[in-house]
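As structure tokens, the structure follows; a few thoughts come after it.
The values are calculated or read from the model by the stated rules, or taken from the named source; none is laboratory data. Note that the structure is a prediction, hence the values are computed from the model and not measured. Neighbour counts run over all protein chains shown; Cβ positions are idealised from the backbone, glycine included.
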């Protein structure tokens, strides 16, 4: 996983590719080609290498856990005028034993040439606070 403390201020360095930016608390896919078909994401390795990344989810707690994932833009009460998010993630839920790690694959298929921002919300069973991952 690539990580930077902050986004570089000037082009071309400010265009990051699959990088987590610490001070923004967000993962940046970087520039992506528009118009790719999300339905072809499982059959083409070139699409996966450019439009997908994996987040490693680890249970560092003392008990087994059950987690469900959703997009903040899809939650009730979000802006109804907001455009459909280009993000897709798999799996939608996972069960993790103590010290177990699984991968959450996140795909991005933009429709227009603009900056998209959303958050992946991880709801953990019997835990009052969700974990939130910013993605752009």
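In the set 73, 78, 85, which member is touching a helix residue (DSSP H, G or I) at 6+ places or on another chain (Cβ under 6 Å) and modelled with pLDDT under 90?
Checking each option against the conditions leaves just 85.
Looking only at residues in segment 18-32 that are part of a loop (DSSP other than H, G, I, E, B) and free of Cβ contacts under 8 Å to residues at least 60 places away in the same chain, which one is surrounded by the most Cβ atoms within 10 Å (Cβ to Cβ)?
18
Among the residues that make up segment 33-53, is at least one of them in a loop (DSSP other than H, G, I, E, B), in contact with a helix residue (DSSP H, G or I) (Cβ under 9 Å, 6 or more places away or on another chain) and within 24 Å of residue 4 (Cβ to Cβ)?
yes
Which residue, of 46, 56, is modelled with pLDDT of 90 or more, within 20 Å of residue 30 (Cβ to Cβ) and surrounded by fewer than 10 Cβ atoms within 10 Å (Cβ to Cβ)?
So the residue among 46, 56 that is modelled with pLDDT of 90 or more, within 20 Å of residue 30 (Cβ to Cβ) and surrounded by fewer than 10 Cβ atoms within 10 Å (Cβ to Cβ) is 56.
Among the residues of segment 94-129, what is the count of those that are over 12 Å from the mean Cα position of the chain (by Cα), assigned to a loop (DSSP other than H, G, I, E, B) and surrounded by fewer than 17 Cβ atoms within 10 Å (Cβ to Cβ)?
14
Condition first: surrounded by 12 or more Cβ atoms within 10 Å (Cβ to Cβ), closer than 20 Å to residue 2 by Cβ and in contact with a strand residue (DSSP E or B) (Cβ under 9 Å, 6 or more places away or on another chain). Can you find one or more residues in segment 73-92 that meet it?
Yes: one or more hits.
How many of the residues making up segment 83-117 are touching a residue at least 40 places away in the same chain (Cβ under 8 Å) and over 20 Å from residue 37 (Cβ atoms)?
Adding up the residues that qualify gives 7.
If I filter segment 1-17 down to residues being touching a helix residue (DSSP H, G or I) at 6+ places or on another chain (Cβ under 9 Å) and either modelled with pLDDT of 80 or more or not in a loop (DSSP other than H, G, I, E, B) (or both), which single residue comes out as surrounded by the fewest Cβ atoms within 10 Å (Cβ to Cβ)?
Per the criteria, the residue is 3.
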